[in-house]
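Asker: Dumping the structure here so I can ask a few things about it.
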Amino acid sequence: GFTVDLLTRRDFSPVDSSRIPCILGVLGATLFTVVTAETDSTVVAMVAMCGAVFSLYVNVAAAWTLAAAAAADNYVASLAGIKGFGGYVGAALAPTFTGFLTQVTHSFELALLIGASTGVLAACCFWFGVRRPISDADLADQPVTAGQSHFKTAPITGRDTPRPSRPG
């Protein structure tokens, strides 16, 4: 959060002030993960894993603000939900995949390097995929595809919703 606020105060756009820490956090975690995979020293591996976790927390904090900066007001929760769902799927599959690779290769090295490569992919998604805020006009111009609704819901403000009457 501190980095996002600092970049915003230095006249970066809301999207860029969130996107840049996301990219740097993921690339930092990638670098530390490669060091962990390639070192023979237990101490260096532990320090590198701490650096990877720290870098991922920089990314996570900025990624939540990125959802608010990139999405139109009535789509922020949907974008954050999609992000959360992707994280949960990754968190569920990663241990299984890591365990399988470790059992086959008798080493964590390949699993760590594959994890690091997904970090590079994530940084590219943040760099190339998130360039500017998504507006209502951007969403209105999109054709409806399978699984989407033809109906657009209005945001609920609390004043517009009728209150149920109480019996008695």
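The values are calculated or read from the model by the stated rules, or taken from the named source; none is laboratory data. Please read all numbers here as calculations on a predicted model, not as lab measurements. Using ideal geometry, Cβ is built from the backbone for each residue, glycine included, and neighbour counts are taken over all protein chains shown.
Asker: When you go through D40, D5 one by one, which is the residue that is part of a loop (DSSP other than H, G, I, E, B) and surrounded by fewer than 19 Cβ atoms within 10 Å (Cβ to Cβ)? If you could, list the steps in order and put the result at the bottom.
Answerer: Values: D5 fails: part of a loop (DSSP other than H, G, I, E, B).
Residue meeting the stated conditions: D40.
Asker: Related question: Can you tell me how many residues in segment 55-96 are over 14 Å from the mean Cα position of the chain (by Cα), touching a residue at least 24 places away in the same chain (Cβ under 8 Å) and surrounded by 13 or more Cβ atoms within 10 Å (Cβ to Cβ)?
Answerer: Taking segment 55-96 as the starting set, the residues that turn out to be over 14 Å from the mean Cα position of the chain (by Cα) are 72-75, 92-96.
In the following step, the residues that additionally are touching a residue at least 24 places away in the same chain (Cβ under 8 Å) were identified as 72-75.
Subset that is surrounded by 13 or more Cβ atoms within 10 Å (Cβ to Cβ): 72, 74-75.
Adding up the residues that qualify gives 3.
Asker: With the structure loaded, tell me whether A146 is modelled with pLDDT under 90, part of a loop (DSSP other than H, G, I, E, B), among the small types (G, A, S) and over 25 Å from Y57 (Cα atoms) or whether it fails that test.
Answerer: Working: modelled with pLDDT under 90: yes; part of a loop (DSSP other than H, G, I, E, B): yes; among the small types (G, A, S): yes; over 25 Å from Y57 (Cα atoms): yes.
Spelling it out, A146 is indeed modelled with pLDDT under 90, part of a loop (DSSP other than H, G, I, E, B), among the small types (G, A, S) and over 25 Å from Y57 (Cα atoms).
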